[in-house]
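S.K.: To start, I am sharing the structure in question, which I have written as structure tokens.
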Amino acid sequence: MEGSSFGAGRAGAGFDPVEFLKQPQTILRILSWVFSIVVFGSIINEGYINIRTPEIHCIYNSNDGACNYAISIGLIAFFACVFFLFLDIYFPQISSVKDRKRAVLLDMGFSGIWSFMWFVCFCFLANQWQVTEKVPEVDQAADAARAGIAFSFFSILSWVALTFKAMQRYRLGTDMSLFATDQFATAPSTGYPGYPTGSGIENTETYQSPPFTENVDPSLKGYQVPSY
């Protein structure tokens, strides 16, 4: 983007909500936010069941670690999406190039890490679901279990896309023309004006006769000073 700094224009520009919501990055964040709600919401509501005991256990092979991991990843992703949405809104108002760079690096780093965390979550839940004993209690909550697995996979895709978008913004870098001032010449090769010089031809008429030249009276020619 010409005349931009890490994907945003000069600081102080007005905020357009419609244009902001149309941005692919905003859409991806909202999708990631919804996916995280589905994952931890389905597991919290229907992911713990009673199987032959009065105590409740995780639906994924009675492995409480699987449910706890998915809920934790989903909750952190939920709050992270909210944080980065507000950061995206505030980002065009950041005037410091260094602060913009830090924000983009934070976005890229977190998105990359959470892509991996969702990949682990998907593999963990899918593996535990395969070995889960299919009893009537499990069948009643099977839809919630499958939803947790499916939206964990969708979360991988959305967070990978967010990582890619952050990398694109980082590669855009900064157009330093945003910080140029009118005090500088438009052409950097323009030199300083030199001193005025003459034509190089001297005019002899400008010189006057010597100040101490005597004018001799013609009538005194040949007169000799008497000696005493």
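The values are calculated or read from the model by the stated rules, or taken from the named source; none is laboratory data. Predicted model, so just to flag it, every value in this text is computed and none were measured. Cβ placement follows ideal geometry from the backbone for every residue including glycine, while neighbour counts extend to all protein chains displayed. We work out accessible area using only protein heavy atoms, side chains counted, and drop any ligands, DNA or RNA first. Shrake-Rupley method; radii C 1.70, N 1.55, O 1.52, S 1.80 Å.
S.K.: Quick check on residue 109: is it modelled with pLDDT of 95 or more and exposed (fewer than 14 other Cβ atoms within 10 Å of the Cβ)?
M.R.: Considered against the rule, which asks whether it is modelled with pLDDT of 95 or more and exposed (fewer than 14 other Cβ atoms within 10 Å of the Cβ), residue 109 comes out as yes.
S.K.: May I ask you to say which residue of 78, 91 is within 17 Å of the chain's Cα centre (by Cα), of a type in the set (A, V, I, L, M, F, W, C) and part of a helix (DSSP H, G or I)? Steps first, please.
M.R.: On the way: 78 fails: within 17 Å of the chain's Cα centre (by Cα).
Result of the check over 78, 91: 91.
S.K.: Just checking, how many residues over the range 145-160 are touching a residue at least 40 places away in the same chain (Cβ under 8 Å) and β-branched (Val, Ile, Thr)?
M.R.: Going through the range 145-160, the residues touching a residue at least 40 places away in the same chain (Cβ under 8 Å) turn out to be 145, 147-148, 151-152, 154-156, 158-160.
Remaining after also requiring β-branched (Val, Ile, Thr): 156, 160.
Result for the range 145-160: 2.
S.K.: Scan the range 110-124 and report the pairs whose first residue is under 16 Å from residue 154 (Cβ atoms) and whose second residue is among the charged types (D, E, K, R) and not in a helix (DSSP H, G or I), with Cβ atoms within less than 6 Å and a gap of 6+ or a chain change.
M.R.: No pair meets every condition.
S.K.: If you scan the range 38-57, which residues turn out to be assigned to a strand (DSSP E or B) and out of contact with any helix residue (DSSP H, G or I) (no Cβ under 9 Å at 6 or more places or on another chain)?
M.R.: 56
S.K.: For residue 73, which of the numbered conditions (1) part of a helix (DSSP H, G or I); (2) modelled with pLDDT under 90 fails to hold?
M.R.: Every condition holds for residue 73 apart from (2).
S.K.: Something else now. Find the residue count for the range 115-163, including only residues that are surrounded by fewer than 17 Cβ atoms within 10 Å (Cβ to Cβ), out of contact with any helix residue (DSSP H, G or I) (no Cβ under 7 Å at 6 or more places or on another chain) and not β-branched (Val, Ile, Thr).
M.R.: Selection size over the range 115-163: 14.
S.K.: One residue is enough: does the range 57-69 have a residue meeting the conditions open to solvent by 50 Å² or more (accessible area, probe 1.4 Å), at pLDDT 95 or above and either among the aromatic types (Phe, Trp, Tyr) or farther than 27 Å from residue 21 by Cα (or both)?
M.R.: For the range 57-69, residues open to solvent by 50 Å² or more (accessible area, probe 1.4 Å), at pLDDT 95 or above and either among the aromatic types (Phe, Trp, Tyr) or farther than 27 Å from residue 21 by Cα (or both): present.
S.K.: Which condition number in (1) of a type outside the set (A, V, I, L, M, F, W, C); (2) open to solvent by less than 50 Å² (accessible area, probe 1.4 Å); (3) over 27 Å from the mean Cα position of the chain (by Cα) is the one that residue 169 fails?
M.R.: Going through (1) of a type outside the set (A, V, I, L, M, F, W, C); (2) open to solvent by less than 50 Å² (accessible area, probe 1.4 Å); (3) over 27 Å from the mean Cα position of the chain (by Cα) one by one, residue 169 breaks only (3).
S.K.: Let me ask you something else. Six or more apart or on different chains, Cβ under 8 Å: which pairs go from a residue in the range 79-99 that's more than 24 Å from residue 37 (Cα to Cα) to one that's open to solvent by 40 Å² or more (accessible area, probe 1.4 Å) and in a helix (DSSP H, G or I)? Could you list them?
M.R.: Listed by first residue and then by second, the contacts come to 97/179.
S.K.: Additional query: Spot the failing condition for residue 32; the list is (1) open to solvent by 20 Å² or more (accessible area, probe 1.4 Å); (2) part of a helix (DSSP H, G or I), and only one is missed.
M.R.: Status for residue 32: all satisfied but (1).
S.K.: While we're on this one: Given the conditions (1) at pLDDT 90 or above; (2) of a type outside the set (A, V, I, L, M, F, W, C); (3) closer than 23 Å to residue 173 by Cβ; (4) in contact with a Ser or Thr (Cβ under 6 Å, 6 or more places away or on another chain), report the number of the one that residue 100 does not fulfil.
M.R.: (1)
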